[in-house]
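S.K.: The structure is given below, and queries will be raised subsequently.
Every read-out reported here was derived from the displayed coordinates using simple, explicitly stated rules and does not represent laboratory data. Values in this document were obtained by computation on a predicted structure and should not be read as measured data. Don't worry about glycine lacking a Cβ; one is built from the backbone with ideal geometry, like all the others, and counts go over all protein chains shown.
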């Protein structure tokens, strides 16, 4: 079950944007085809399909026509007698008659009498349903305007999504949530990238108490746009009850399209890290790491290396144990692409390690 969940999670992370764009475009095309190109059209309907007040108007029209031409076959055809449920037409005629007076009553009674016994039922050949009224024969201007507005809104949403994603990649900032940390805020702390050189991508993300939907993720792409993988931070464990959620551990993850796994490490509060029960509970999610400002947590896959650096952290104050949940946590994520030799060496060394900051 865990393997299936991990596969689904990797699939969503890797194809999130195509799925969203495909869904929006599918919705737009479906509405255009359903409302404009191939709208639903009704033809050969009978008065039995009309609304009650329209049925009354239509029956009065047939009654007047029958009084003028005396053609019972014409009246039966226009009323679609054989398509009404048994007794429904007689009941409707009685209902209409109750609201009439004078000459209209006389005409309606004459038509009802003729329909009941004027012509033997066996001598009446089935008639095709009348061709009127016809509904939905064309698209109204209001419907076309509605479709146009919907298309504009959907296209605008897609453009906004891509704009936000490009802003993340260009500025290296976690902008999908309110707590994103400006690059300028920590730029002064960057001293040297060490032997690896500048990273392929750099992101900053910040958690604040009350952000119960905190789950930022970032796409890793080469300069030519080739997708390499994704990385991100998520809530791993909460503590206590009530709202907002008190987060006691986060998980940093790295997905490599060339690898078959998602590498994860768990960043734990001081309380969680020294609590044997919590460490045991979170161990299956990844190697437990104590949150320390300025410390690097390194994750390696076959072709990627992620350094997650804790820029700043602060514990919250409550009736819970001290240093048990975070008030805020700011993390810097830097990504490098490994050469074949580095990837092989990383695998031989066990892949992941954590050490003092070289940033």
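S.K.: Fewest first, what order do 96, 311 take by the number of other Cβ atoms within 10 Å?
M.R.: 311, 96
S.K.: What order do you get for 270, 215 when you list them from fewest to most C-beta neighbours inside 10 Å?
M.R.: 215, 270
S.K.: If I model a spin label as a point 7 Å beyond the Cα along the Cα-Cβ vector, how far apart are those points for residue 31 and residue 60 in nm?
M.R.: 4.0
S.K.: If you count, for each residue, the other Cβ atoms within 10 Å and average over each peptide, how do 312-319, 331-338 line up from highest to lowest?
M.R.: Final packing ranking: 331-338, 312-319.
S.K.: Taking the number of other C-beta atoms within 10 Å as the exposure measure, put 258, 48 in order starting with the fewest.
M.R.: Result, fewest neighbours first: 258, 48.
S.K.: If you find the alpha carbon centre of the stretch 275-340 and of the stretch 81-107, how far apart are they in angstrom?
M.R.: 80
S.K.: Rounded to whole Å and ordered largest first, report the semi-axes of the equivalent ellipsoid of the stretch 47-123 derived from its Cα gyration tensor (root of 5λ).
M.R.: They are 17, 16, 11 Å, listed from largest to smallest.
S.K.: What percent do you get for the relative contact order of the stretch 47-123 when only Cα pairs under 8 Å and 6+ apart count?
M.R.: Answer for the stretch 47-123 is 33 percent.
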